[in-house]
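As structure tokens, the structure follows; a few thoughts come after it.
The values are calculated or read from the model by the stated rules, or taken from the named source; none is laboratory data. Since the structure is predicted, the reported quantities are computational estimates derived from the model, not experimental observations. All Cβ positions, glycine included, derive from the backbone under ideal geometry; neighbour counts span all protein chains shown. Heavy atoms of the whole protein, side chains included, go into the accessibility calculation; ligands, DNA and RNA do not. Shrake-Rupley method; radii C 1.70, N 1.55, O 1.52, S 1.80 Å.
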Amino acid sequence: MGARTGHLRDSDGARIKRKRNADSESIEVDGDEFLISFERNDRVERFAFNEGELTAQSSEPEIDFMDADLLFNKGPEGLALAPPASPIAGSLLVLPEIAINAKDNTRIFLIKDRERKELAIQGVNGFGITDAAFMQNGDLLVLERKYSIFFGLGIQLAKYNGETIAEGSVLVGELLLSVSGDHEIDNMEGITVSPMPDGSTRITLISDNNFSDDQRTLLLEFRYQ
């Protein structure tokens, strides 16, 4: 099956321009529509295909985070739509890249019927969140990345009990994966999960090469039993 790339369009059908408005980060499928998060102009918008173009369904965002006191260019990085088995089925989790609260935990947001509630993930040790995905049973996987000229590159993958996801809670995760740049990783920014016929879960990670000759686009797959 062939694939093509194209530009996101606003509700008038015009190409979304300027980095401030077009810095898209994560996507979730919601029926025949798509929820997409954006940094800088922090928001989540709802899109659908219109004459073959992915077009915003409203001139207003689905959820606006400009009043959430998020760091510039560290805003809504990950989206995860809760599955039917989850206690918060149909709710959307929005995860900023870096949003540290007074207790050194990472702020995340729970959205239901466009109402925004807040909870947190227990400290991520200097890593920033790049994406998240719900497993079929309602548990949450969160992908984290860290880079510095001293530390180099590293990624972590943690799992959070879906029963603990609620307004005001602090989620404590189980670390599934922690690797450095000595392994076959790069700028890992996307995650998705797929249930397998044998009852296991396939976890797929993808990296963003930022159109740089120094980075690679990698697709990594893992089996979680």
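The string of couplings for region 35-45 from the Karplus curve (6.51, -1.76, 1.60, θ = phi - 60°) is 9, 10, 9, 9, 8, 6, 8, 5, 5, 10, 10 Hz, one whole number per residue in order, with x for Gly and Pro. Peptide packing: for 82-89, 201-208, the average count of neighbouring Cβ atoms within 10 Å per residue gives the ranking 201-208, 82-89, highest mean first. The rule of thumb for compact globular proteins, 2.2 N^0.38 Å, goes into the C-alpha radius of gyration of region 150-213 1.40 times. Measuring r between the beta carbons of SER59 and ASN209 and using R0 = 30 Å, the FRET efficiency lands at 0.40.
How large is log10 of I(q)/I(0) for region 1-153 at q = 0.08 Å⁻¹ when the intensity is taken from the Debye formula with one equal scatterer per alpha-carbon? Here log10 of I(q) over I(0) equals -0.24. Taking a ≥ b ≥ c as the square roots of the Cα gyration tensor eigenvalues, with a/c under 1.5 meaning rounded and otherwise prolate when a/b beats b/c, else oblate, which class fits region 114-203? Oblate.
Per the 1.4 Å probe, what fraction of the accessible area of the chain, in percent, lies on carbon and sulfur atoms? Taking all protein chains in place, the chain shows 47 percent carbon and sulfur surface. Taking Lys and Arg as +1 and Asp and Glu as -1, the other residues whose beta-carbon sits under 15 Å from that of GLU115 total -2.
Classification of region 76-225 by its C-alpha gyration tensor yields an oblate form. The axis ratio a/c (a ≥ b ≥ c) is 1.5 or more, and b/c is at least a/b. Averaging the Cα positions of each part gives two centres, and for region 119-153 and region 1-70 these lie 23 Å apart.
Rounded to the nearest Hz, the phi-derived 3J(HN,Hα) couplings of region 72-77 under the Karplus curve 6.51 cos²θ - 1.76 cosθ + 1.60 (θ = phi - 60°) are 4, 6, 10, x, x, 9, where x marks glycine and proline. On a per residue basis, region 110-225 carries 56 Å² of accessible surface, using protein heavy atoms and a 1.4 Å probe.
Rounded to the nearest 20 debye, the dipole size of the chain about its Cα centre is 220 debye, using +1 on the Cβ of Lys and Arg and -1 on the Cβ of Asp and Glu.
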